[in-house]
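Heads up: the structure comes next, in structure tokens.
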Amino acid sequence: MQIECYAQRLLNPFRGVVHVIRYESAEAVTTDGIEWDIYVANDALLDGLGRAGKRAQISDIRYGHWSAEKGLKRGPLYPSDDFRRLEHMGAVVYEHLLRVHRDLPFRFRDPFELWLLGRDDQPLALLHSVRNDSETDTRPPLDWRAGIAAQERFQSGAITGLAESAGLYLTRYVNSLASGVVQWFRRSDDGSGLGLHTLRGGEHLRGRVLEAEAFPPLFIATAGMDAAHTRLVHDYHAWQAPWMLLLPHLDASTRAALEASACQQAEMVEKHWRLYPAVIDRPALQAARVEAALVRSQPPARREDEVVPMYYIELSVSEGE
């Protein structure tokens, strides 16, 4: 019996990390380390489909929802010919969840990355990541996106006189720097990347190896940008700080700067801090958590919900987008 525990990034835009416990076609998933959803899928429906079955969509069935505080709440039952098998898979994942839920964060296992390339054929912006080579035949959106939440809430004084939101402007600006070619890379433990197949041209780039320094650690390259646009990207990263701190590869100075920015969004720190792989200024993050608790104690009518839900469906990719 093989059970996998791993983390995977939620991308384009980067809005956090999902932690997964997987057994066959059953999964328990969480984005905060507290609330877990358990799904099973009837993968027997793919039998006989051959290679095309890798792209076929099968519906997830909600086995249940679990938290340490409230325990397991079962989802609706769907009796079928495969009911016992689905129940068994869900039970295996649930029982393993009870054993390992305190072991977060799990190790990231999404080394295959899809990058939008700049005009110099270097990685410009990260679009997608997957666990296996077989998943690189998916077709996610091939333009970079700052995200709906950024269009509504991200603010920056880096570029003055904008007639649109800073998030929308940043989206258009980053894509204006692209060559149009996107390329899959397989990242190694040392950070280097082996170039795999490309989309929208660039076939000659297959097989190249780029050193770790070619891949921007915060997923947007600023090399060649003027000071104003570099500041715009840095402001965007500061706004993303509560999520960026989930990444394990940050150096100490970058993590410290992101922690300082993240504390300006106390509720987001409270949501994600359990999954931070390292902490530089623990008292500052603890103060942010206290602030978040005070905010939560206010009457609900006086609070504006700033949380954009990251539904599990974000992991799915629609063909042809």
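A crude spin-label estimate for the pair Val290 and Glu35, with each label 7 Å from Cα along the Cβ direction, gives 2.7 nm.
Surface analysis of region 75-115 yields an accessible area of 60 Å² per residue, using protein heavy atoms and a 1.4 Å probe. In this label model, Asn175 and Glu152 are separated by 2.0 nm, measuring between points 7 Å along each Cα→Cβ vector. When the surface is traced with a 1.4 Å probe over the full set of protein chains, Trp273 keeps roughly 80 Å² accessible. Relative contact order of region 84-237: 22 percent, from C-alpha pairs under 8 Å at least 6 residues apart in sequence.
Here the chain exposes an accessible surface that is 50 percent carbon and sulfur, computed with a 1.4 Å probe and the other protein chains kept in place. Based on the reciprocal of the average 1/r between different C-alpha atoms, the Kirkwood radius for region 143-204 equals 14.0 Å.
For the pair Arg84 and Ile3, a Förster radius of 25 Å applied to the C-beta separation gives a FRET efficiency near 0.85, rounded to the nearest 0.05. Across Arg139, Arg84, Arg289, the residue with the most accessible area heads the list, and the full order at a 1.4 Å probe is Arg84, Arg139, Arg289. Helical content alone sets the calculated 222 nm signal of the chain at -8000 deg cm²/dmol, taking -39,500 (n - 2.57) per DSSP H segment of four or more residues and averaging over every residue. Determine, at each q value in 0.17, 0.18, 0.23, 0.24 (inverse angstroms), the log₁₀ of I(q)/I(0) that the Debye formula gives when each Cα of region 92-180 is one equal point scatterer. Here the Debye-derived log intensity ratios amount to -0.88, -0.92, -1.11, -1.15. Just want to confirm a number: the relative contact order over the chain, from Cα pairs under 8 angstrom separated by 6+ residues, in percent. Computed value for the chain: 16 percent relative contact order. Once the mean of 1/r is taken over each pair of separate Cα atoms and inverted, the chain shows a Kirkwood hydrodynamic radius of 21.4 Å.
When the chain is described by a simple charge dipole with +1 on each Lys and Arg Cβ and -1 on each Asp and Glu Cβ, the residue from Gly157, Ile220, Met268 located farthest towards its positive end is Met268. Taking label positions 7 Å along the Cα-Cβ direction at both Lys73 and Asp120, the computed distance is 5.2 nm, reported to one decimal.
In plain terms, the chain from Ser188 to Leu162 could stretch by 5.3 nm, reckoned as 0.36 nm per residue minus the Cα-Cα distance. Percent of Cα pairs in region 87-142 per distance bin of 5 Å, from zero to the largest separation: 4, 15, 15, 14, 15, 14, 11, 6, 4, 2, 0.
The values are calculated or read from the model by the stated rules, or taken from the named source; none is laboratory data. The structure displayed is predicted, hence computed values, not measured ones. Backbone-built Cβ (ideal geometry, glycine too); neighbour counts: all protein chains shown. Quick note on the areas: whole protein, heavy atoms, side chains included, nothing else; ligands and nucleic acids left out. Shrake-Rupley method; radii C 1.70, N 1.55, O 1.52, S 1.80 Å.
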